[in-house]
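Colleague: So that we are looking at the same thing, I have put the structure below in structure tokens.
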Amino acid sequence: MKRIVIIGGGIAGLSAGIFAQKNGFNTVILEKHHTLGGECTGWDRQGYHIDGCIHWLVGTKEATGSRELWDTVGALKDVEIHHPDSFMAVEHEGVTVHFYRDLGRLKSSWMEISPEDRDAIEEFCKDIKRLHKFSLPVEKPMDLMNVIEKIKYVLSMKEVGPIMQKYDKISVKELSEKFQHPALKEAVASFMPEGDYSASSVIFPLGTFTGDQSSIPRGGSKALAMRMVEKYRSLGGTVEASSEVMEIKIEGNNVQGVYCTNGKSYEADYVIAACDPKAVFDVLLKGKYHDPEFQKRYNDPKNYPLASNIYVAIGYQGTMDDIPQTLRFPVSSLEINQNGKPVEHLQMTHYGYEPDFAPKGHTAITFAVNQFQPELSQWEALVKDREAYKKEKERIGKEVIRAMEIRFPFMTGKLHVLDVATPQTYNRYCNAYRGAFMGFWPTLSGKSMAHTGKIKGLDNFLLSGQWLQPPGGLPVALITGKDTIMRLCKMEKQSFIGV
Ligand SMILES: Cc1cc2nc3c(=O)[nH]c(=O)nc-3n(C[C@H](O)[C@H](O)[C@H](O)COP(=O)(O)OP(=O)(O)OC[C@H]3O[C@@H](n4cnc5c(N)ncnc54)[C@H](O)[C@@H]3O)c2cc1C
């Protein structure tokens, strides 16, 4: 039985482990953190549970290929799904714009806000609806398809392909400017920060959300990851937590195994690196191997941006009742920077639908503030002074509470900070380069094709994970984990056992 060492116990590493075990390999997952799940995680503070990941998960719809894949890895099997009725609500100058799941309701509420935008609203809704036919391609990666499969794939994209292309060519800002009403403009623009981000980042989430393909599994992110760990173990897989790989043992073109910082080493017939590729190239492979595709992306952060987060968790001694689950509201004079300027909006998500996430009658709330350059470099510098870093986190927590109390005066005195994670937190726990929580974000000029994970000069080493395919996220982690094992089965000349 061939032995595979998998570096990283995030969703991609777990997916690779599960499919490898199903296909008769002997595997071990080495994870640097003491727990598994990677960025798909959650943690407890002061009687609350802070969910650190899932706001929407593509693949929750029954009888779809992606749902079948999630079920196969044990992530969603027999799990209740929460279907929020709105993706997000955006407040602007006294008007609230809702991105309702029900497209008819979205359309009529937008028409009510701005009848003069009828044509733009109709076109937007029609295009979103056309995406309801989209299903995430989960069967095989392109590089393993034969000609007939490729033709079938192209034909299957006949309906949705032109829509994706249309929105790939325009920026989020250009899309927002199709609307005349300032609140609609602001709502559409709010999907991405300022910059050349392609409008597919707006249309794709709304297509899957209004087409009922994306929702939220009850129990949250950590529970989802733990179900996958259980599945992996039930198939005979071994987990070694608190085992950070620091070097890969190589002879000629052959990877022989890995060395960990805890002094242990593992022999392998194959090594799969299901972790951030930047650390793989720079640290584990000691800068001796290069990949032109990744180099292009890392050398051009403007067109291939990586985003991180400040993630603030707040406990509220009360219930949120009629407040939208995800709400973006304007703030003024808030001293938190984004893209070199003070943030002008905060986006909050509350977990009122998960009573177990908070003490009775209380609610857990999280805020994600995206961080880019120059903030990422500032965080890198600040973390070196632990006291100053801690103070900055405390200050940010207080700033968020101040903004909440201005927006929701009835909450005054009832809010307290549970935790503040920064880009350095993602870096420290997951080795995430620049604290990235997704793959490279899609821009107008930064188009990237799916990567096969193969590195020139290494015969039995494969990369896996969210960075291989834009835009990243949990479904990409799941699919690339499976695809890596499909490639490996091909290398072993054995047929692949899937679901
Ligand atoms: C706040 C937030 C919200 C998000 N919301 C969503 C959402 O709503 N929907 C969605 O689809 N996605 C969401 N994501 C993104 C999602 O979490 C990631 O895309 C996904 O978890 C990436 O999985 P991965 O396995 O590819 O990588 P990771 O989760 O980064 O896993 C890599 C693993 O490798 C380990 N590792 C790294 N280096 C080493 C080493 N040298 N040795 C051993 N182990 C190592 C790390 O500790 C980690 O566990 C969100 C992320 C964040 C942070």
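The values are calculated or read from the model by the stated rules, or taken from the named source; none is laboratory data. As the structure is a prediction and not an experimental result, all values here were calculated from the model. Counting neighbours? That spans all protein chains shown, and the Cβs are built from the backbone with ideal geometry, glycine included. Accessible surface is based on the protein model in full, side chains and every heavy atom, while ligands, DNA and RNA are left aside. Shrake-Rupley method; radii C 1.70, N 1.55, O 1.52, S 1.80 Å.
Colleague: Pick from the stretch 455-476 the residues that are among the hydrophobic types (A, V, I, L, M, F, W, C) and in a helix (DSSP H, G or I): which of them is farthest from the ligand (Cβ to nearest atom)?
Modeller: Within the stretch 455-476, the first condition is being among the hydrophobic types (A, V, I, L, M, F, W, C), and the residues that meet it are 455, 458, 461-463, 467-468, 474, 476.
With in a helix (DSSP H, G or I) added as a condition, the list becomes 467-468, 474, 476.
Details: 467: 7, 468: 9, 474: 3, 476: 7 Å.
My answer is 468.
Colleague: Here is a further query. Could you list, in sequence order, the residues of the stretch 27-58 that are more than 9 Å from the ligand (Cβ to nearest atom) and aromatic (Phe, Trp, Tyr)? Let's see the steps before the verdict.
Modeller: Looking only at the stretch 27-58, we keep the residues that are more than 9 Å from the ligand (Cβ to nearest atom), and these are 27-28, 34, 42-50.
Of everything in the stretch 27-58, those that are more than 9 Å from the ligand (Cβ to nearest atom) and aromatic (Phe, Trp, Tyr) turn out to be 43, 48.
Colleague: Sort through 223, 273, 307 and tell me the only one that's within 15 Å of the ligand (Cβ to nearest atom), modelled with pLDDT under 95 and not β-branched (Val, Ile, Thr).
Modeller: Numbers: 223 fails: modelled with pLDDT under 95; 273 fails: modelled with pLDDT under 95.
Exactly one of 223, 273, 307 is within 15 Å of the ligand (Cβ to nearest atom), modelled with pLDDT under 95 and not β-branched (Val, Ile, Thr), namely 307.
Colleague: If you don't mind, there's one more thing I want to ask. How many residues does the stretch 353-373 hold that are within 22 Å of the chain's Cα centre (by Cα) and assigned to a loop (DSSP other than H, G, I, E, B)?
Modeller: 4
Colleague: Can you name the residue in the stretch 408-438 that is open to solvent by 70 Å² or more (accessible area, probe 1.4 Å) and under 15 Å from residue 314 (Cα atoms) and is also nearest to the ligand (Cβ to nearest atom) among such residues?
Modeller: The initial filter retains those residues of the stretch 408-438 that are open to solvent by 70 Å² or more (accessible area, probe 1.4 Å), namely 409-410, 412, 414, 428-429.
Still in the list and also under 15 Å from residue 314 (Cα atoms): 412, 414.
Values: 412: 27, 414: 24 Å.
By that ranking, first place goes to 414.
Colleague: Between 312, 369, 280, which is within 16 Å of the ligand (Cβ to nearest atom), closer than 30 Å to residue 246 by Cα and open to solvent by less than 30 Å² (accessible area, probe 1.4 Å)?
Modeller: Details: 312 fails: closer than 30 Å to residue 246 by Cα; 369 fails: closer than 30 Å to residue 246 by Cα.
It is 280.
Colleague: Residues that are farther than 22 Å from residue 39 by Cβ, within 25 Å of the chain's Cα centre (by Cα) and not β-branched (Val, Ile, Thr): does the stretch 317-327 have at least one?
Modeller: At the first step, the residues of the stretch 317-327 found to be farther than 22 Å from residue 39 by Cβ are 317-324, 327.
Subset that is within 25 Å of the chain's Cα centre (by Cα): 323-324, 327.
Next, from what is left, pick out any that are not β-branched (Val, Ile, Thr): 324, 327.
Yes: the stretch 317-327 contains one or more residues that are farther than 22 Å from residue 39 by Cβ, within 25 Å of the chain's Cα centre (by Cα) and not β-branched (Val, Ile, Thr).
Colleague: How about the stretch 1-12: which of its residues are out of contact with any Ser or Thr (no Cβ under 9 Å at 6 or more places or on another chain) and surrounded by fewer than 24 Cβ atoms within 10 Å (Cβ to Cβ)?
Modeller: 1, 2
Colleague: What number of residues within the stretch 168-201 satisfy the criterion of being part of a helix (DSSP H, G or I), modelled with pLDDT of 95 or more and either of a type outside the set (S, T, N, Q) or under 22 Å from the mean Cα position of the chain (by Cα) (or both)? Even if it seems obvious, please write down each step before you answer.
Modeller: Filtering the stretch 168-201 for residues part of a helix (DSSP H, G or I) gives 168, 172-176, 182-189, 200-201.
Subsequent filtering for residues that are modelled with pLDDT of 95 or more retains 172-176, 182-189.
Checking the rest, the ones that are also either of a type outside the set (S, T, N, Q) or under 22 Å from the mean Cα position of the chain (by Cα) (or both) come to 172-175, 182-189.
Residues flagged as part of a helix (DSSP H, G or I), modelled with pLDDT of 95 or more and either of a type outside the set (S, T, N, Q) or under 22 Å from the mean Cα position of the chain (by Cα) (or both) within the stretch 168-201 amount to 12.
Colleague: Take the conditions touching a Ser or Thr at 6+ places or on another chain (Cβ under 6 Å), open to solvent by 20 Å² or more (accessible area, probe 1.4 Å), assigned to a helix (DSSP H, G or I) and away from the ligand (no atom under 16 Å from the Cβ) and apply them to residue 394. Does it pass? Talk me through it step by step, then tell me what you get.
Modeller: Numbers: touching a Ser or Thr at 6+ places or on another chain (Cβ under 6 Å): no; open to solvent by 20 Å² or more (accessible area, probe 1.4 Å): yes; assigned to a helix (DSSP H, G or I): yes; away from the ligand (no atom under 16 Å from the Cβ): yes.
Considered against the rule, which asks whether it is touching a Ser or Thr at 6+ places or on another chain (Cβ under 6 Å), open to solvent by 20 Å² or more (accessible area, probe 1.4 Å), assigned to a helix (DSSP H, G or I) and away from the ligand (no atom under 16 Å from the Cβ), residue 394 comes out as no.
Colleague: Here's a follow-up. Every residue in the stretch 103-118 that is among the hydroxyl-bearing types (Ser, Thr, Tyr) and open to solvent by 50 Å² or more (accessible area, probe 1.4 Å), please. Lay out the reasoning, then the answer.
Modeller: To start, the set of residues in the stretch 103-118 that are among the hydroxyl-bearing types (Ser, Thr, Tyr) comprises 108-109, 114.
Residue satisfying the conditions is 108 alone.
Colleague: Applying the selection to the stretch 13-46, what residues are in a loop (DSSP other than H, G, I, E, B) and open to solvent by less than 20 Å² (accessible area, probe 1.4 Å)? Can you show your working first?
Modeller: Step one: filter the stretch 13-46 for residues in a loop (DSSP other than H, G, I, E, B), giving 23-25, 31-36, 38-41, 46.
Across the stretch 13-46, the qualifying residues are 23, 25, 31, 36, 40.
Colleague: Tell me whether the stretch 89-102 contains one or more residues that are modelled with pLDDT under 95 and surrounded by fewer than 20 Cβ atoms within 10 Å (Cβ to Cβ). Before you say what the answer is, go through the steps one by one.
Modeller: First pass over the stretch 89-102, keeping only residues modelled with pLDDT under 95: none.
Looking for residues that are modelled with pLDDT under 95 and surrounded by fewer than 20 Cβ atoms within 10 Å (Cβ to Cβ), one finds none in the stretch 89-102, hence no.
Colleague: A follow-up question, please. With respect to the numbered conditions (1) more than 21 Å from residue 195 (Cβ to Cβ); (2) open to solvent by 20 Å² or more (accessible area, probe 1.4 Å); (3) out of contact with any Asp or Glu (no Cβ under 8 Å at 6 or more places or on another chain); (4) in a loop (DSSP other than H, G, I, E, B), which one is the sole condition not fulfilled by residue 452?
Modeller: Tallying (1) more than 21 Å from residue 195 (Cβ to Cβ); (2) open to solvent by 20 Å² or more (accessible area, probe 1.4 Å); (3) out of contact with any Asp or Glu (no Cβ under 8 Å at 6 or more places or on another chain); (4) in a loop (DSSP other than H, G, I, E, B), residue 452 fails exactly one: (3).
Colleague: Where the second residue is of a type in the set (Gly, Ala, Ser) and open to solvent by less than 30 Å² (accessible area, probe 1.4 Å) and the first is assigned by TED's automatic domain parsing to the domain that holds residue 182 and in a loop (DSSP other than H, G, I, E, B) and lies in the stretch 96-110, which pairs have Cβ atoms under 7 Å and are six or more apart or on separate chains?
Modeller: 101/86
Colleague: I'd like the residue in the stretch 47-88 that is among the charged types (D, E, K, R) and assigned to a loop (DSSP other than H, G, I, E, B) and, out of all such residues, is most open to solvent (accessible area, probe 1.4 Å).
Modeller: First, pick out the residues of the stretch 47-88 that are among the charged types (D, E, K, R): 51, 61-62, 67-68, 71, 77-78, 80, 85.
Right, trim to assigned to a loop (DSSP other than H, G, I, E, B) and you get 61-62, 77-78, 80, 85.
Values: 61: 84, 62: 123, 77: 122, 78: 152, 80: 117, 85: 92 Å².
Among those residues, the one meeting the criterion is 78.
Colleague: Let me ask something additional. For residue 344, which of the numbered conditions (1) touching a strand residue (DSSP E or B) at 6+ places or on another chain (Cβ under 7 Å); (2) of a type in the set (Asp, Glu); (3) within 25 Å of residue 9 (Cα to Cα); (4) free of Cβ contacts under 8 Å to residues at least 60 places away in the same chain fails to hold?
Modeller: (3)
Colleague: One residue is enough: does the stretch 481-494 have a residue meeting the conditions within 10 Å of the ligand (Cβ to nearest atom), modelled with pLDDT of 95 or more, open to solvent by 10 Å² or more (accessible area, probe 1.4 Å) and not β-branched (Val, Ile, Thr)? Before the answer, list the steps.
Modeller: First, the residues of the stretch 481-494 that are within 10 Å of the ligand (Cβ to nearest atom): 481.
With modelled with pLDDT of 95 or more added as a condition, the list becomes 481.
Checking which are open to solvent by 10 Å² or more (accessible area, probe 1.4 Å) leaves us with none.
Within the stretch 481-494 (the criterion being within 10 Å of the ligand (Cβ to nearest atom), modelled with pLDDT of 95 or more, open to solvent by 10 Å² or more (accessible area, probe 1.4 Å) and not β-branched (Val, Ile, Thr)), the answer is no, since none of the residues qualifies.
Colleague: Right, here's the next one. Just give me the residues in the stretch 348-374 being of a type in the set (D, E, K, R) and in contact (Cβ under 8 Å) with a residue 60 or more places away in the chain, in sequence order. First the steps, then the outcome.
Modeller: Going residue by residue through the stretch 348-374, those that are of a type in the set (D, E, K, R) are 354, 356, 360.
Result: 354, 356.
Colleague: Where residues in the stretch 374-385 are part of a helix (DSSP H, G or I) and of a type outside the set (A, V, I, L, M, F, W, C), which of them is surrounded by the most Cβ atoms within 10 Å (Cβ to Cβ)?
Modeller: Quick first cut of the stretch 374-385, residues part of a helix (DSSP H, G or I) only: 375-382.
Adding the requirement that they be of a type outside the set (A, V, I, L, M, F, W, C) leaves 375, 377-378, 380.
Values: 375: 22, 377: 11, 378: 15, 380: 14.
Per the criteria, the residue is 375.
Colleague: Also, I was wondering about something else. Determine whether residue 89 is over 21 Å from the mean Cα position of the chain (by Cα), over 23 Å from residue 478 (Cα atoms) and in contact (Cβ under 8 Å) with a residue 24 or more places away in the chain. Full working, then the answer.
Modeller: Numbers: over 21 Å from the mean Cα position of the chain (by Cα): no; over 23 Å from residue 478 (Cα atoms): yes; in contact (Cβ under 8 Å) with a residue 24 or more places away in the chain: yes.
So residue 89 fails the test.
Colleague: Could you tell me how many of the residues in the stretch 439-449 are open to solvent by 10 Å² or more (accessible area, probe 1.4 Å), of a type outside the set (Lys, Arg) and more than 13 Å from the ligand (Cβ to nearest atom)?
Modeller: Going through the stretch 439-449 one residue at a time, the tally reaches 5.
Colleague: Just for the stretch 231-273: of the residues that are loosely packed, with under 12 Cβ neighbours inside 10 Å and not in a loop (DSSP other than H, G, I, E, B), which one is farthest from the chain's Cα centre (by Cα)?
Modeller: Going through the qualifying residues, I end up with 251.
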